[in-house]
Amino acid sequence: MTLKAEIALLIWLLVVIAYDFRKRRVPNWLVLSGAILALAALAFGIQPFGTSWAAAFTGGAVGFGFLLLFYAVGFMGAGDVKFAGALGLWVGGWALVPIWVGASLLAGAHSVLWLTLQRWPWLPRLSLMLSGRPSAGTDINGSRQRARLVPYAAYLAVATVAWMVWGRQR
């Protein structure tokens with residue numbers, strides 16, 4: 001039974017990866033679907049990682065709260081923050097630490113590669129792919145938003161898949 005929940009999580013993560021890489025945003029419907037799946041897995045006792053209700057809610061709060069600081073200073077989009085909260089419901093608080101480290105290393109490599117290709121344009125198609133087509137629009141208050149070049153939620157999802165495969169082995 002827990003295999004079905006693990007497959008549901010994997011599908012959700014893959015959709016987040018594809019959407020965030022393509023659009024540079026994670027819509028609310030996608031975050032909410034992951035949170036509902038996590039809560040359903042807990043309610044039906046098929047949570048694939050043995051996370052308790054308390055650990056899940058702690059993970060959700062820690063995931064959301066910690067990344068909210070980065071959103072507040074403009075380093076991250078709101079979708080990344082909400083995704084981290086939903087992800088915390090799945091994995092709990094302690095598993096978020098290696099996932100954050102892995103995602104941050106991937107995001108840092110993304111940034112360094114993008115900056116390198118901006119300075120020395122050897123592969124312009126790769127540079128365009130790395131920058132995506134971020135939409136720098138205006139928010140509801142009319143202030144200009146900064147373009148998001150790094151799809152951090154996608155890297156959180158990639159790091160979670162890696163944690164699912166290698167990190168949980170004892």
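The values are calculated or read from the model by the stated rules, or taken from the named source; none is laboratory data. Since this is a predicted model, take the numbers as computed values, not measurements. Neighbour counts run over all protein chains shown; Cβ positions are idealised from the backbone, glycine included.
Before moving on, here are some points about what is shown:
- Residues that are in a helix (DSSP H, G or I), over 20 Å from Ala159 (Cα atoms) and touching a residue at least 12 places away in the same chain (Cβ under 8 Å), drawn from the range 1-31: Thr2, Lys4, Asn28
- Any chance Phe75 is out of contact with any Ser or Thr (no Cβ under 7 Å at 6 or more places or on another chain) and either among the small types (Gly, Ala, Ser) or touching a residue at least 12 places away in the same chain (Cβ under 8 Å) (or both): no
- Ser33 exposed (fewer than 13 other Cβ atoms within 10 Å of the Cβ) and of a type in the set (Ser, Thr, Tyr): no
- Single match in Val81, Val101 (criterion: within 13 Å of the chain's Cα centre (by Cα), surrounded by fewer than 19 Cβ atoms within 10 Å (Cβ to Cβ) and either over 26 Å from Ile46 (Cα atoms) or at pLDDT 95 or above (or both)): Val101
- Selected residue (criterion: nearest to Val101 (Cα to Cα)) from residues of the range 45-65 that are at pLDDT below 95 and of a type in the set (A, V, I, L, M, F, W, C): Phe49
- Some residue of the range 40-49 being surrounded by 12 or more Cβ atoms within 10 Å (Cβ to Cβ), under 14 Å from the mean Cα position of the chain (by Cα), within 22 Å of Val81 (Cβ to Cβ) and hydrophobic (A, V, I, L, M, F, W, C): no
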